[in-house]
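The values are calculated or read from the model by the stated rules, or taken from the named source; none is laboratory data. If you're wondering where the values come from, they're calculated on a predicted model, not measured in any experiment. Glycine gets a Cβ as well: all are built from the backbone with ideal geometry, and neighbour counts include every protein chain shown. All accessible areas refer to the heavy atoms of the entire protein, side chains included, with ligands and DNA or RNA removed. Shrake-Rupley method; radii C 1.70, N 1.55, O 1.52, S 1.80 Å.
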Amino acid sequence: MFEAKLAEGIIFKKIVEAIKELVSDVNIDISPTGISLQAMDNSHVALVSLQLSMDGFESFRSDKPMTLGINIGNLFKIMKLGDNDDSMTLKAEEDPSHLTIIFENEKKGRFAEFNINLINIDTEHLSVSDNEGGSQLSMASGEFSKIMKELYQISETVNIETSQELIQFSVEGDCGSGSVKIGPTEGETREEQVVIQSDEQVNLSFALRYLTMFTKASGLSSMVNVSLSTEAPLVVKYEIQNLGSLQYYLAPKISDEE
Amino acid sequence: MELNLSYKDVSKMKSLTDKSFDPIKDAPYERHQHIPFSLVAHACQIIEECKGEKSQDLVKEILANVFRTAICLKPAELIPLFYFFICRLGPEYEGIETGVGNEMVVNAVTQACGKSKTKIREEVKKIGDLGTVAAESKGSIKSLASFFKPKTPKIDKSMTVLRVFETFMSIAKRKGSSSVGDKTNSIMKLFTDSKPEEVKYIIRWLEGHLKIGAAEKTVVSALARAFTYTPGDPKNFPPSILNYRKKKGETRFNEREAELDETIKEAVCVFPNYDKMIEALLELGDSHVEELPKKCYMRVGIPVKPMLAKPTTGVNVILKRFDGIKFTCEYKYDGFRGQIHYQKQDPDDPTKKKIGIFSRNLENMTETYPDAIQYLSENVDEKVDNFIIDCEIVPYDIRNKKILPFQLLTTRSRKNVDIKDVEIQVCLFLFDILYLNDQNDIIKKTFKERRDIMKATFPEEEGKLMYAVSKDAEKFEEIEEFLNDSIKDSCEGLMVKTLEENSTYHPSKRSFNWLKLKKDYLETSLGDSLDLVVVGADYGKGKRTGFYGSFLFACFDEDAEVFQTLVKAGTGFTDEDLKKMHEVLNELETTDPDPRIKYKEKNIDTWFTPKLVLEIKAADLTISPTYMAAHGRGEEDKGISLRFPRFIRVRDDKKPEDCSTSDQIYSMYRSQQAVAQNDICFDDY
């Protein structure tokens, strides 16, 4: 038996929204300590990894580990049925055939319950690791999202180059070329701060199609962490307050010219 | 017992062309495994490399050895394996198609390999094959698996023939506009899970052609060879005979192979269902393959490949051919070939009749002609239990007793035609019978006898069911006169058939016993050629890679000073012509059409500035919804196009404005007899 109640159901809705374009079917893993999910996109170039700790839930009960295979498109349809100020409960029996989702709103006196059928998904789990060393960037998630979207208008590929004090995003498209340079700032609030730490200088290219998909998670956190390393995929990480984190991994592109 | 889970490496396998290939020991898989797709890709690759004199035999040998491994180790997967090589999913008449267009394949490849669509298109233009481009792109992707190790030890996830086939099947089953995303995803999954050399042939398959130089006929012959080497043996493993050639010697082997090849091909003609045929072959096993016709025979409900006629160039050819034997001339109607199957009691529902209509290509057209179905269901004699007849389905004006142009039928949709919506009725012009009341030897009778049976079974009714007009002729003048009559009566020409000698019905054969004589062979109509401007082209594929494949032609409308599209043509060009054309036209390429070009829909890859004039000959003119020539002069919102256009020469001496005009084309169209005959009805619509 599994049952987890989240006071702010909207957080879960945002999570689903943030991954629904990247992956279609996912296995949600339930353990006694929390909920996690790992899935790769069809081309195996990008991966999303979600970790939610039981501590962030209003209540959490999981008797034994289970895996719930879910079609994200269908899950999102159900998430849209909940109101933004509803609480949300996820529930599943032992050897479940479906996942129950309950939206509750005491103020409005509303109680809604939906079942979503589970599916069997054959996926392989990768043992992902965080980047150590390399270059790290921490900045406001909204700003990062804006840069990615605008560069995507110009080109499908972005080249990211880091140095001690600077990260440069450059594009070359049919209509022209350009670059955005970001240096460290000491803003008054945390959101205004840009922190760059570069132990190793990198110069890599990535598909903006994926990077813009990742920024769908901006609603979950005001800050984003990007880490780059020559020896590993790019990692874009969004912390979800008190609950855990949503991380994306992306393999670098081999140049089109090859 | 410990099972070996991973596959053997195909590149280290014994050569598939080796005479001593052992379908069990040398196969890259074992009985408990599915057939790996790598075997198919490997076979395709080496077949593609076969060149020279004996290559056809080598191709057969390679395919036969691939099939032999399946006969021995995985008989159940022989059917999907076979279908892969002929780029189909099932019998033609069942019409199972993936519904995947070039656009969708390109999109899937683009998304799966992360390259831009423009880049992919550019490479396709350069190499001329999307399969190769996809394979190369696949090889250049860096996936996350190269960074992170899987948590669980991986079982062998090699692509299998079964998975490829099942994915294609599931793609075929998904219908509707929302299915596009699902289909694209399925293709992407195949792309991701296959190796580059496998991707190449999966993509080519989706494009409808493996391009390995092995036609369906060769694949079927290879199947015959495989079963000659190693007859199926459902009861024993290993099969009692593994290598008939080694056991009985070369001569016996060759004889038997030829015999089986013929048996299979004949069976396929009257029973074009490879699933059932392969099942039968596997079941019959050693020395009983000649029993195949007893399992695969003509039956109501399964279309027979229709007999076809050889084209002729003139009346004298016919006289030479039919000198001294009895023959008949029949009107060749300009309609759709229809093979009608009738069963008084539907086995699934005895209270109902079961009637099916199949096209020349064995497609099920039953839903297209509810008017014909209704007529048959109400008018066939009670005493008739079942039959298969061959006829031409022709649009017919029952009030004026006139045949209408067949184009009027092309507007009918393939499926779900409601009888209430049918405005233009069809008439069935019967000309042959293949099967009647469970007698399947009717095709062995002479044509004269068959025609008598047909006439005795089906009474004529004006505008509903009529016999093809025929005349048993002997003299040259008679044929020519009859040919002219046929054209006056809005037919395409004549079919000339032997009446008694050599006159059995040969399914699927393009036989010299049926000759067709069409009006353009006599060069009566459209003797004059046209001078037309090239305004667009498709990029060439295959042999024409790097050049243009076919060209879009336009005529000049003097009133509006515009170029109206008329026809697309790619025949009549020599390689040298194509090279020269490419040199000239390359300079004239434009992304957007020149404003003077008037067209209805873009059906080509690139546009040209109207400049180059070519001389074109054609069989005749026809109404077309796709082209703009003489638009507005004749039918509402329809233009005129050419049938069977072919290139004659370049007209360097002509300016584009000097080419054939819309007025000229329209008056040529008007003077065509078929149109003159139908003038009244055209004005009616």
Towards the positive end of the charge dipole of segment B:453-514, with charges on Cβ (+1 Lys, Arg; -1 Asp, Glu), say which of B:Val496, B:Ser470, B:Asn513 has the farthest Cα.
B:Asn513
If every alpha-carbon in segment B:474-631 counts as one equal scatterer, what log10 I(q)/I(0) does Debye give at q = 0.08, 0.10, 0.17, 0.18 1/Å?
-0.36, -0.54, -1.00, -1.06
Residue (of A:Gly173, A:Thr215, A:Ser227) at the positive-pole extreme of chain A, dipole from beta-carbon charges:
A:Thr215
Karplus-derived 3J(HN,Hα), 6.51/-1.76/1.60, for each residue of segment B:650-656, Hz, glycine and proline x:
7, 10, 5, 7, 10, 7, x
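Looking only at other chains, what is the average number of their beta-carbon atoms within 10 angstrom of each beta-carbon in A:248-254? Mind dumping the intermediate values first?
Details: counts 0, 3, 1, 9, 2, 5, 8.
Rounded to a whole number, the mean comes out at 4.
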Cα lying deepest toward the dipole's positive end in segment B:308-515, options B:Val380, B:Tyr435, B:Leu308, charges on Cβ:
B:Leu308
Pseudo-spin-label distance B:Glu216 to B:Lys51, built 7 Å along Cα→Cβ, given in nm, is 2.9 nm
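Structure shown: which of B:Lys543/B:Lys655; B:Lys126/B:Lys173; B:Lys151/B:Lys183; B:Lys138/B:Lys541 lie over 25 Å apart, alpha-carbon to alpha-carbon? Let's see the in-between values first.
Working: B:Lys543/B:Lys655 31 Å; B:Lys126/B:Lys173 34 Å; B:Lys151/B:Lys183 30 Å; B:Lys138/B:Lys541 22 Å.
Where the Cα-Cα span goes over 25 Å, the pairs concerned are B:Lys543/B:Lys655; B:Lys126/B:Lys173; B:Lys151/B:Lys183.
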Rounded to the nearest 20 Debye, what is the dipole magnitude of segment B:8-108 about its Cα centre when Lys and Arg each give +1 and Asp and Glu each give -1 at the C-beta?
440 debye
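Give me the dipole magnitude in Debye, nearest 20, for chain B about the Cα centre, with unit charges on the beta carbon: positive for Lys and Arg, negative for Asp and Glu.
2960 debye
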Determine the dipole magnitude for chain A: charges of +1 sit on the beta-carbon of Lys and Arg, -1 on that of Asp and Glu, nothing else is charged, the reference point is the Cα centre, and the result goes in debye to the nearest 20.
820 debye
Can you tell me the Rg and Dmax of chain A, counting just the alpha carbons, in angstroms?
19.5, 62
Could you tell me the calculated FRET efficiency between B:Ser179 and B:Lys541, based on Cβ-Cβ distance and R0 = 30 angstrom, to the nearest 0.05?
0.65
Excluding same-chain residues fewer than 8 positions from B:Lys352, which aspartates and glutamates have a Cα within less than 20 Å of its Cα?
B:Glu367, B:Asp371, B:Glu378, B:Asp381, B:Glu382, B:Asp385, B:Asp418, B:Asp438
Could you pull out every one of the lysines with an alpha carbon less than 20 Å from that of B:Lys516, ignoring same-chain neighbours closer than 8 positions?
B:Lys305, B:Lys310, B:Lys320, B:Lys326, B:Lys332, B:Lys448, B:Lys471, B:Lys475, B:Lys488, B:Lys497
So what's the net charge close to B:Asp531: Lys and Arg +1, Asp and Glu -1, counting the other residues with Cβ under 9 Å from its Cβ?
0
Cα centroids of segment B:550-625 and segment A:1-71: how far apart, whole angstrom?
58 Å
Accessible surface of the protein assembly as shown, 1.4 Å probe, proportion on carbon and sulfur as whole %
47 percent
Peptides ranked, highest mean first, by Cβ atoms within 10 Å: ranges B:190-199, A:97-106
B:190-199, A:97-106
Given a Förster distance of 56 angstrom, what is the FRET efficiency for B:Ser377 paired with A:Val180, based on the Cβ-Cβ distance and rounded to 0.05?
0.15
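With both bridge residues required to lie in the protein assembly as shown, what share of the DSSP beta bridges run antiparallel, to the nearest 5%?
On the way: 158 of 168 bridges.
Expressed as a percentage, antiparallel bridges in the protein assembly as shown total about 95.
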Using a 10 Å cut-off around each Cβ of peptide A:37-43, what is the average number of partner chain Cβ atoms that fall inside?
5
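Would you work out the relative contact order for segment B:380-522, in percent, from Cα pairs under 8 angstrom that are 6 or more residues apart? Let's see the in-between values first.
On the way: 197 pairs, mean separation 34.3, N = 143.
Rounded, it is 24 percent for segment B:380-522.
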Zone residues, segment B:330-348, relative to B:Thr571, backbone N less than 19 Å from point 7 Å out along Cα-to-Cβ:
B:333-337
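Could you work out the Rg to Rh ratio of chain B, with Rh taken as the Kirkwood radius (inverse of the mean 1/r over all Cα pairs)?
Reported Rg/Rh, Kirkwood definition of Rh: 0.99.
Over the Cα atoms of segment B:317-360, compute the convex hull volume and normalise it per residue, giving Å³. Could you put the intermediate results ahead of the total?
Details: hull volume 6.0 nm³, N = 44.
Measuring per residue, one finds 136 Å³ for the Cα hull of segment B:317-360.
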Treating cross-link reach as a plain straight distance, find the lysines whose alpha-carbon is under 17 Å from the alpha-carbon of B:Lys598, omitting any fewer than eight places away in the same chain.
B:Lys568, B:Lys611, B:Lys638
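Once every DSSP H run of n ≥ 4 in the protein assembly as shown is given -39500 (n - 2.57) and the sum is divided by its residues, what mean residue ellipticity at 222 nm do you get, rounded to the nearest 500 deg cm²/dmol?
Values: 27 runs with 285 residues, N = 943.
That comes out to -9000 deg cm²/dmol.
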Segment B:308-515: C-alpha gyration tensor shape, a/c 1.5 cut-off, then a/b vs b/c
oblate
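Is there a simple number for the mean count of other chain Cβ atoms within 10 Å of the Cβ of residues in B:110-118, and what is it? All intermediate terms of the calculation are to be shown ahead of the outcome.
Values: counts 1, 5, 5, 3, 13, 6, 8, 1, 2.
Shielding by partners across B:110-118 averages 5.
Using DSSP to call loops (not H, G, I, E or B), can you name the chymotrypsin sites (Phe, Trp or Tyr not before Pro) in segment B:387-468 whose Cβ has at most 12 other Cβ atoms within 10 angstrom?
On the way: sites: B:Phe387, B:Tyr396, B:Phe406, B:Phe429, B:Phe431, B:Tyr435, B:Phe447, B:Tyr467; in loops: B:Phe406.
Loop-located and lightly packed - none at all.
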The set of residues whose placed amide H lies less than 5 Å from the amide H of B:Val469, leaving out same-chain residues fewer than 5 positions away, is B:Tyr331
Measuring from label point to label point, each 7 Å out along Cα→Cβ, what is the A:Ser129 to A:Thr212 span in nm?
3.4 nm
